[in-house]
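Every number here is computed from the coordinates shown, using simple stated rules; none is lab data. The model shown is predicted, which means the values in this text are computed figures rather than measured ones. Here the Cβ positions follow ideal geometry from the backbone for every residue, glycine too, while neighbour counts run over all protein chains shown.
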Amino acid sequence: MKNLYTFKKLNRATVDTFIDEAALFFAMHDFIGSSGRSTYLDSFEEVEMLLNKEVYYVAHDVIVRRGKALLFRGRLVASEKSNLISYLKDAISQDDLRPLLIAPVFDTSPDQVIYLSDDGFHVYPATH
């Protein structure tokens, strides 16, 4: 399966470390699985209010299974908040919002993950 969703309209932000797309994606994916709870957000405006950091990882949620192994086949980029909001509003207005995982830039594990899709918006907070 070839993923053609490349985030062309999303300007990339510079981060201090090398981006291992698969490792960062699975850190967000596993965070959702271990969070145990999510909050449904009624509107994109609620999502905007949660975006309080300057740079975010944005991942297209595409996983394939090969035997017992899960493989990340989406893309992951870092984006500044203002550009990310514009990008998401544009995708929503064009009815082209793909399943995305969004988290403030992190080293090993995110503090929060926002899941967006055409079915709705969910936030997964840290379980401290």
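Annotations
- Cα-based values for segment 13-61, radius of gyration first and Dmax second, are 12.9, 35 Å.
- Net charge contributed by nearby residues that have their C-beta within less than 14 Å of Arg98 (K/R +1, D/E -1): -2
- Pairs of Lys residues in the chain that lie 8 or more places apart, or on two chains, and have C-alpha atoms under 24 angstrom apart add up to 10.
- Full-stretch length increase - Glu46, Ser86 - with 0.36 nm per residue and alpha-carbon distance subtracted: 12.9 nm
- Orientation-averaged projection of segment 1-90 equals 7.2 nm² [convex hull of Cα atoms, one quarter of hull surface area].
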